[in-house]
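See structure below.
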Amino acid sequence: MRENIALRPALPADAPALAALFRASVEVLAQEDYSEAQVEAWAALADDEAAFAKKLADELTIVATVGSEIAGFASLKGADHLDMLYVHPAHIRRGVGTGLCDAMEKLAGARRAASLTADVSDCAHAFFAARKYEAQKRNMVFLGDEVLGNTTMTKKLASAPEKIQ
Ligand SMILES: CC(C)(COP(=O)(O)OP(=O)(O)OC[C@H]1O[C@@H](n2cnc3c(N)ncnc32)[C@H](O)[C@@H]1OP(=O)(O)O)[C@@H](O)C(=O)NCCC(=O)NCCS
């Protein structure tokens, strides 16, 4: 069942709720592809609430709500980097990620980006592949004592102007 989502810019007051959503999303949705220690290292990125709130504010962060509940959020870094995309486990596979990613692609287009790039976790690979993002390279991310693999994936935006020969 598709959810009826509404999108809005994130507010500074959303930071604690988004940190909790980030942790829940990683803890539940990443456990099939990453070890317990890797999941904990990743989830811990939201533990420093001030740093997390600053990251949300420094980027163009949007929130998806279902009724009065926050179901997910996404952030655009600069014009062409989709930095964060997290859906609460209670709302997955109902189009929330799609709504957020559609909005990120539109915002990137509005910033005149020719393409949108994300460093995609293994648990999100199928989602981005279904949206026609293409794998560019494998990366290793060092978080404390843990090393997590992800894949840089890029999609050319439909709004991108054709290259002039
Ligand atoms: C990846 C994520 C954002 C997807 O959010 P979502 O709201 O469940 O996505 P949608 O419901 O819009 O899915 C759209 C399509 O993507 C594909 N898809 C999404 N999740 C998938 C999965 N786990 N396995 C296979 N395909 C998947 C399907 O084709 C799906 O369409 P369908 O449900 O009709 O089959 C969500 O799973 C998540 O937050 N994951 C954990 C955090 C994470 O890894 N974020 C990305 C960091 S780069």
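Every number in this text was worked out from the coordinates using simple rules, so none of it is lab data. Bear in mind the structure is a predicted one, so any value in this text is a computation, not a measurement. Methodologically, a virtual Cβ is constructed for each residue, glycine included, from the backbone with ideal geometry; neighbour enumeration extends over all protein chains shown.
See the values below:
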| item | result |
| --- | --- |
| Of all DSSP beta bridges in the chain, antiparallel share, percent nearest 5 | 95 percent |
| Electrostatic dipole magnitude of the range 66-165 [Cβ: Lys, Arg +1; Asp, Glu -1; Cα centre; debye, to 20] | 440 debye |
| 222 nm mean residue ellipticity, helices alone, for the chain (DSSP H n ≥ 4; -39,500 (n - 2.57); rounded to 500) | -10000 deg cm²/dmol |
| Relative contact order for the chain, counting Cα pairs under 8 Å that sit 6 or more residues apart, in percent | 21 percent |
| Links that overshoot a 23 Å alpha carbon limit, given the list 77/137; 54/132; 55/137; 106/132; 54/137 | 54/132; 55/137; 54/137 |
| Options 57, 127, 20, ranked by Cα towards positive dipole end of the chain, top entry (Cβ charges) | 127 |
| Efficiency of FRET from Cβ geometry, residue 57 and residue 37, R₀ 25 Å, rounded to 0.05 | 0.25 |
| Centroid-to-centroid separation of the range 22-47 and the range 135-152 [C-alpha atoms, Å] | 14 Å |
| By average C-beta atoms within 10 angstrom, highest first, the peptides 22-32, 142-152 | 22-32, 142-152 |
| Extended-chain gain in nm, criterion 0.36 nm per residue less alpha-carbon gap, residue 13 and residue 158 | 48.8 nm |
| Sites residue 2 and residue 122 - FRET efficiency at Förster radius 22 Å, r taken between beta-carbons, to 0.05 | 0.30 |
| By average C-beta atoms within 10 angstrom, highest first, the peptides 134-141, 64-71 | 64-71, 134-141 |
